[in-house]
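The values are calculated or read from the model by the stated rules, or taken from the named source; none is laboratory data. Just so we're clear, the structure is a prediction, and the values are computed from it rather than from any experiment. Here the Cβ positions follow ideal geometry from the backbone for every residue, glycine too, while neighbour counts run over all protein chains shown.
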Amino acid sequence: MKPLIIANWKMNPITLHEAKQNFGLVKKALKRIKNVRVVVCPPFVFLPVFEPGRRLELGGQDCFWEEKGSFTGEVSPKTLRSLGCRYVILGHSERRIYFGETDEMINKKIKAAFGAGLKVILCVGEKNEGEIQEMQDQLEKDLMGIKKGEINNLILAYEPIWAISGFGGKAASVNEAMEGALFVRKILNKIFGKNLAKKMEILYGGSASQNPRSYIYEAGMNGLVMGGSSARARDFIDLLKTVKGS
Ligand code: PGA
């Protein structure tokens with residue numbers, strides 16, 4: 001098994017110099033660390049100087065739903081693709097909460113990202129511990145009108161908001177992660193049918209560095225979404241050594 005680890009650098013680091021250093025260290029480490037797949041999602045401006053490597057892909061942290069035009073500050077999914085990205089994170093709770101992204105907006109972004117040939121890492125999660133049913137509405141709205149033929153390019157990230165470091169950072173137990181992921185799978189079954197849904201990868205995100213191996217090897221997640229800690233190369237490389245498959 002080769003877990004998929006998404007490094008969502010968020011708004012880190014501050015300088016291009018640090019960014020290059022971090023990326024270089026991770027790229028080098030991945031020549032030795034096998035049985036793990038990594039997607040680095042840095043701030044957009046660093047993308048042009050990063051090149052994918054062995055088991056190392058690039059992703060955006062967001063994108064807009066239009067291809068081009070008068071949309072100040074936005075980034076087209078096609079631009080991400082042209083910069084070597086194969087992935088994009090959409091619906092992250094920080095985008096939903098700080099920037100008012102609605103499920104309708106996320107739905108448009110998913111369609112545009114698929115149109116540009118990107119794989120989408122769709123983040124869903126409940127605000128308060130124990131309220132996982134909230135994800136049904138998110139998933140149904142976010143995935144409205146997505147065709148069955150497109151879901152090969154869809155990866156789900158179960159990210160309980162209360163577990164994300166910026167919103168409390170209480171690490172979810174292995175059972176809670178498993179329960180959340182099962183619930184996501186159940187809704188995916190409903191939307192796309194069991195046969196298709198069972199092939200989809202579901203990742204776990206939210207203070208995952210506290211217990212990374214257990215989420216994968218006990219809770220059965222296909223990988224992890226790591227936040228700000230993933231922008232610190234040495235910590236991140238240690239994590240990759242911990243979670244890699246055998
Ligand atoms: P965290 O964030 O690892 O900093 O809790 C995870 C995420 O936001 O995806």
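Take Ile151 and decide whether it is assigned to a loop (DSSP other than H, G, I, E, B) and either within 18 Å of Lys108 (Cα to Cα) or more than 15 Å from the ligand (Cβ to nearest atom) (or both). Please lay out each step first, then the result.
Values: assigned to a loop (DSSP other than H, G, I, E, B): no; either within 18 Å of Lys108 (Cα to Cα) or more than 15 Å from the ligand (Cβ to nearest atom) (or both): yes.
Against the criterion (assigned to a loop (DSSP other than H, G, I, E, B) and either within 18 Å of Lys108 (Cα to Cα) or more than 15 Å from the ligand (Cβ to nearest atom) (or both)), Ile151 does not qualify.
Scan segment 204-215 and give yes if some residue there is farther than 24 Å from Asn22 by Cβ, among the small types (Gly, Ala, Ser) and either near the ligand (Cβ under 10 Å from one of its atoms) or without any contact (Cβ under 8 Å) to a residue 60 or more places away in the chain (or both), otherwise no. Spell out the reasoning first.
So in segment 204-215, the residues farther than 24 Å from Asn22 by Cβ come out as 214.
Okay, now just the ones that are also among the small types (Gly, Ala, Ser), so 214.
Going one step further and asking which of them are either near the ligand (Cβ under 10 Å from one of its atoms) or without any contact (Cβ under 8 Å) to a residue 60 or more places away in the chain (or both), we end up with 214.
Yes, segment 204-215 contains at least one residue that is farther than 24 Å from Asn22 by Cβ, among the small types (Gly, Ala, Ser) and either near the ligand (Cβ under 10 Å from one of its atoms) or without any contact (Cβ under 8 Å) to a residue 60 or more places away in the chain (or both).
Which members of segment 105-144 meet the condition of being basic (Lys, Arg) and within 16 Å of the ligand (Cβ to nearest atom)?
First pass over segment 105-144, keeping only residues basic (Lys, Arg): 108-109, 111, 119, 127, 141.
Scanning segment 105-144 gives a single hit, Lys127.
Please find, within segment 177-198, the residue that is surrounded by the most Cβ atoms within 10 Å (Cβ to Cβ) out of those that are touching a helix residue (DSSP H, G or I) at 6+ places or on another chain (Cβ under 8 Å) and within 20 Å of Ile5 (Cα to Cα).
Here is the first cut: in segment 177-198, the ones touching a helix residue (DSSP H, G or I) at 6+ places or on another chain (Cβ under 8 Å) are 177, 180, 183-185, 187-189, 191-193, 196-198.
Checking the rest, the ones that are also within 20 Å of Ile5 (Cα to Cα) come to 177, 180, 184-185, 198.
On the way: Ala177: 28, Gly180: 25, Val184: 24, Arg185: 17, Lys198: 11.
Here the answer is Ala177.
Look through segment 54-89, keep the residues that are of a type in the set (Gly, Ala, Ser) and closer than 22 Å to Thr15 by Cα, and return whichever of them is surrounded by the fewest Cβ atoms within 10 Å (Cβ to Cβ).
Initial filter on segment 54-89 (of a type in the set (Gly, Ala, Ser)): 59-60, 69-70, 73, 76, 82, 84.
Subset that is closer than 22 Å to Thr15 by Cα: 59-60, 73, 84.
Values: Gly59: 25, Gly60: 25, Gly73: 5, Gly84: 14.
So the residue we want is Gly73.
State which residue is farthest from Ser209 (Cα to Cα) when the search covers only segment 156-167 and only residues that are assigned to a strand (DSSP E or B) and more than 10 Å from the ligand (Cβ to nearest atom). It would help to see each step written out before you state the result.
The initial filter retains those residues of segment 156-167 that are assigned to a strand (DSSP E or B), namely 156-158.
From the residues that got through so far, the ones that are more than 10 Å from the ligand (Cβ to nearest atom) too are 156, 158.
Working: Leu156: 19, Tyr158: 15 Å.
If we take residues in segment 156-167 being assigned to a strand (DSSP E or B) and more than 10 Å from the ligand (Cβ to nearest atom), then Leu156 is farthest from Ser209 (Cα to Cα).
Please list, ordered by residue number, the strands (runs of 3 or more DSSP E) wholly in segment 1-70 having 1 or more residues that are modelled with pLDDT of 95 or more, touching a helix residue (DSSP H, G or I) at 6+ places or on another chain (Cβ under 7 Å) and β-branched (Val, Ile, Thr).
Values: elements: 4-8, 37-41, 56-60.
Passing ranges, in order: 4-8, 37-41.
Out of all the residues in segment 182-199, is one or more within 15 Å of the ligand (Cβ to nearest atom), more than 19 Å from Lys147 (Cβ to Cβ) and without any contact (Cβ under 8 Å) to a residue 60 or more places away in the chain?
Within segment 182-199, not a single residue is within 15 Å of the ligand (Cβ to nearest atom), more than 19 Å from Lys147 (Cβ to Cβ) and without any contact (Cβ under 8 Å) to a residue 60 or more places away in the chain.
So, in segment 6-57, how many residues would count as being of a type outside the set (S, T, N, Q), under 25 Å from Phe99 (Cβ atoms) and within 16 Å of the ligand (Cβ to nearest atom)?
Total meeting the criteria: 11.
Hey, does segment 94-102 have a residue that's within 16 Å of the ligand (Cβ to nearest atom), more than 16 Å from the chain's Cα centre (by Cα), within 23 Å of Val184 (Cα to Cα) and assigned to a loop (DSSP other than H, G, I, E, B)? Working first, answer last.
Of the residues in segment 94-102, the ones within 16 Å of the ligand (Cβ to nearest atom) are 94-99, 101.
With the extra rule that they be more than 16 Å from the chain's Cα centre (by Cα), the set shrinks to 97-99, 101.
Within this subset, residues satisfying the condition of being within 23 Å of Val184 (Cα to Cα) are 97, 101.
Now narrow it down to the ones that are assigned to a loop (DSSP other than H, G, I, E, B): 101.
There is at least one residue in segment 94-102 that is within 16 Å of the ligand (Cβ to nearest atom), more than 16 Å from the chain's Cα centre (by Cα), within 23 Å of Val184 (Cα to Cα) and assigned to a loop (DSSP other than H, G, I, E, B).
So if I check each of Lys199, Lys170, Lys186, which one is part of a helix (DSSP H, G or I) and either more than 27 Å from Glu104 (Cβ to Cβ) or of a type outside the set (Val, Ile, Thr) (or both)? Spell out how you get there, then give the answer.
On the way: Lys199 fails: part of a helix (DSSP H, G or I); Lys170 fails: part of a helix (DSSP H, G or I).
Only one candidate passes the filter, namely Lys186.
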